[in-house]
Structure formats: structure tokens, C-alpha cells
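Asker: Take this structure, written in C-alpha cells, and hold onto it; I'll ask about it next.
The values are calculated or read from the model by the stated rules, or taken from the named source; none is laboratory data. Since we're looking at a predicted model, the values are computed, not measured. Cβ atoms come from the backbone with ideal geometry, glycine included; neighbour counts cover every protein chain shown.
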Amino acid sequence: MSESATSPSKPRPEFRNIEFSNLRTLRWPLASLASGMHRVSGAIMFFLMPFIIWMFDNSISSEISFSKFKAAFNIGMLGLPGFMWKLVALGLIWASLHHFIAGMRHLWMDTHHEHVTKDIGRQSAAVVLLATLTLTLVLGAKLFGLY
């Protein structure tokens, strides 16, 4: 008989389901953070689709609807001040930018899979996060009238 058949086997490691409350205690490498945020940004864009359609419709329908559209961001609408609507728009800007840039990263990694290493994955995730943050800050500054 072979040695592996007669020797007692070591106990296998036990893996349990991860509870939602344990997510913040886990270690999140940059690549998993970028990938997870890609999913979150897609969900944000999906759930804000009525807001996106409303913004597009009011911005191109007529001059009156465009002035109402601008007033929602300056004065407010539906009991919410304009600042809150700008924050929603800023979240949408971040989601769009991150989803696009991280999607390009995923497509690049899919087409160049034989050249992708763990280090390149970490570096490309850092580039995605840095580019998204930088572009969001620049466009957010424009949205809030800083320039």
C-alpha cells in the first residue's frame, strides 16, 4: 500500500461563510478593492437610472425645463437643498468614472492575461483608484463652482 493510504490524514481547514458584519475586519488588497468598487459603482448607476433619465430629459427638452434643472442644483427641489442634489450628482460622477476606468482595466487584463501578474494587478488597481479620485475631485470642484 502507498504511504498516503496508511498514514492518518491531517484535518482539512474549515471555511465558513463570511457574515456581513465581518466585512470591515477583512484585509482588502487594492485589486479586490478596485474590483469591489467596480461592482458598487455599477449598482449605483443602475439604481440612479431614473435620476439620470430625469437629468437628461430636463437638460435637452426646452429652455424652461433646463432652467428648472439648474434650479434644482442651485435652490433645491422636493424639500432637499441644492447641496444634496449636487452630492447625488457627485456620487453619480464618481460611479460613472470608476465604472468606466475599472472596466477598461478589466478589459485590458482579460486581453493581456498571460502578462498579468499579481504586482501588475496591484499597480493597475492603484492607478484606477488614483485616476478616479483625481477626476472626481476635479469635476466635483467644477460642480460646486470652485472654478
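Asker: For residues in region 69-128 being surrounded by fewer than 14 Cβ atoms within 10 Å (Cβ to Cβ) and of a type in the set (Gly, Ala, Ser), which is farthest from GLY36 (Cα to Cα)?
Answerer: ALA71
Asker: Of all residues being outside any helix (DSSP H, G or I) and polar (S, T, N, Q) in region 32-68, which is surrounded by the most Cβ atoms within 10 Å (Cβ to Cβ)? Just the residue, please.
Answerer: Pass one, region 32-68, residues outside any helix (DSSP H, G or I): 48, 61-62.
Keeping just the survivors that are polar (S, T, N, Q) gives 61-62.
Working: SER61: 12, SER62: 9.
Only one residue tops the list, namely SER61.
Asker: Restricting the first residue to region 95-124 and requiring it to be outside any helix (DSSP H, G or I) and at pLDDT below 90, which pairs with a second residue that is surrounded by 10 or more Cβ atoms within 10 Å (Cβ to Cβ) and among the hydroxyl-bearing types (Ser, Thr, Tyr) meet a Cβ separation below 9 Å and a spacing of at least six or different chains?
Answerer: Matching pairs, first to second residue: VAL116/SER124.
Asker: Tell me, yes or no, whether region 19-32 has at least one residue that is in contact with a strand residue (DSSP E or B) (Cβ under 9 Å, 6 or more places away or on another chain) and of a type in the set (Lys, Arg).
Answerer: To start, the set of residues in region 19-32 that are in contact with a strand residue (DSSP E or B) (Cβ under 9 Å, 6 or more places away or on another chain) comprises none.
Scanning region 19-32 turns up no residue that is in contact with a strand residue (DSSP E or B) (Cβ under 9 Å, 6 or more places away or on another chain) and of a type in the set (Lys, Arg).
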